[in-house]
1. Are there strands (runs of 3 or more DSSP E) fully within the stretch 196-258 with at least 2 residues that are modelled with pLDDT of 95 or more and open to solvent by 30 Å² or more (accessible area, probe 1.4 Å)? List them.
2. Could you please find all residues in the stretch 68-87 being closer than 15 Å to Asp120 by Cβ and outside any loop (DSSP other than H, G, I, E, B)?
3. Collect the residues in the stretch 99-125 that are touching a strand residue (DSSP E or B) at 6+ places or on another chain (Cβ under 9 Å), open to solvent by less than 70 Å² (accessible area, probe 1.4 Å) and not in a loop (DSSP other than H, G, I, E, B), keeping them in residue-number order.
4. Provide a single number: the residues in the stretch 166-195 that are closer than 19 Å to Ser18 by Cα and open to solvent by 60 Å² or more (accessible area, probe 1.4 Å).
5. Run down Leu128, Leu87 and say which single residue is buried (at least 16 other Cβ atoms within 10 Å of the Cβ) and more than 23 Å from Leu245 (Cα to Cα).
6. Restricting the search to the stretch 5-24, which residues are modelled with pLDDT of 95 or more and outside any strand (DSSP E or B)?
7. Within the stretch 134-165, how many residues turn out to be assigned to a helix (DSSP H, G or I) and surrounded by fewer than 17 Cβ atoms within 10 Å (Cβ to Cβ)?
8. If you scan the stretch 193-210, which residues turn out to be farther than 16 Å from Phe130 by Cα and touching a residue at least 40 places away in the same chain (Cβ under 8 Å)?
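The values are calculated or read from the model by the stated rules, or taken from the named source; none is laboratory data. Since the structure is predicted, the reported quantities are computational estimates derived from the model, not experimental observations. Because the Cβ atoms are built from the backbone with ideal geometry, glycine has one as well, and the counts that use them run over all protein chains shown. The area values use the complete protein model at the heavy-atom level, side chains included, leaving out ligands, DNA and RNA. Shrake-Rupley method; radii C 1.70, N 1.55, O 1.52, S 1.80 Å.
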Amino acid sequence: MTYPLYRTGTFAVVDGVSHPVSYSVGDNYVHFPPATPGPVPFPRQELAGAVPVEMCERVFSVQVYAAYRDHRVMVDAAFDNGTARVLDAEWDQEWATINGFVQENSYEYYKTVDMRDLRDYAERQNDLLFTRWRAARFVRPVDGVPMHGGWPNGQAAVVAGRPRSGVLETEGGRVAAVTTRAEYLGYSCEVAGISMDGSVGVYYLGTDFERAEADGFRPDENLRWARTVHIFDLARYHELHKDLLFDQWRESRDSLAG
């Protein structure tokens, strides 16, 4: 059988339960599947068709990533026989060809692999309500007005549930090590905290430290390159959920195979 927690697409969380939906960023409504007539009544009549976005705790799109032979791949589909169709996410044509990937588009190389060969299985959950949430709570930065910092008193600041981090038990029985991430000036960064004035503490996740230093990052007491930026300077805000149950599932599959 395939990994039971595999999913892709767009989801809305209501009362701690995730539901597949369709949603366009900026819309006032999330579109749930319509109620279908039958002997079993629809469990939540109010969650059928167009539902006001205010009813949702979170709305996010999911892409699944993993490591395959020490390279990052996107898990495009999972099948009942325990295999998965994966895309080389590092755009390394030579490595992909050597490792049996087949070119399907100009830069896209796919392969069907055993899911037991995957490591570091994680969901990238793109926060589709972030820009709406940001516009409702913060004003754009004003020249000359200093930012207070996204980590007052050395502690990460949280505004209305953002950012999230740590080991979390989420909807559908999922257990994940969660970090919140975004891009700043094209850099991939971890979001450490958000203050009420809109200042955000971020950690640089790249390796070009000379460029990071030129753009204002400095090593902190833990030698992590950090700086404070404004929340309107962030793009592609998302959560990375490293699935802590996947290895357990994979090991159980290995024991069955033996």
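1. Values: elements: 199-204, 225-230, 234-243.
The qualifying strands (runs of 3 or more DSSP E) are 234-243.
2. From the stretch 68-87, those closer than 15 Å to Asp120 by Cβ are 68-75, 84, 86; that's our starting set.
Matches in the stretch 68-87: Tyr68, His71, Arg72, Val73, Met74, Val75, Ala84, Val86.
3. Tyr109, Tyr110, Lys111, Val113, Asp114, Met115, Leu118, Tyr121, Ala122, Glu123, Arg124, Gln125
4. Residues that pass the stated criteria total 2.
5. Values: Leu87 fails: more than 23 Å from Leu245 (Cα to Cα).
Every option except Leu128 fails the conditions.
6. Those that are modelled with pLDDT of 95 or more and outside any strand (DSSP E or B): Leu5, Tyr6, Arg7, Thr8, Val21, Tyr23, Ser24.
7. If we filter the stretch 134-165 for residues that are assigned to a helix (DSSP H, G or I), which is where we start, we get 134-137, 152-154.
Okay, now just the ones that are also surrounded by fewer than 17 Cβ atoms within 10 Å (Cβ to Cβ), so 135-137, 152-154.
So the count comes out to 6.
8. First pass over the stretch 193-210, keeping only residues farther than 16 Å from Phe130 by Cα: 197, 201-210.
Of everything in the stretch 193-210, those that are farther than 16 Å from Phe130 by Cα and touching a residue at least 40 places away in the same chain (Cβ under 8 Å) turn out to be Asp197, Gly201, Val202.
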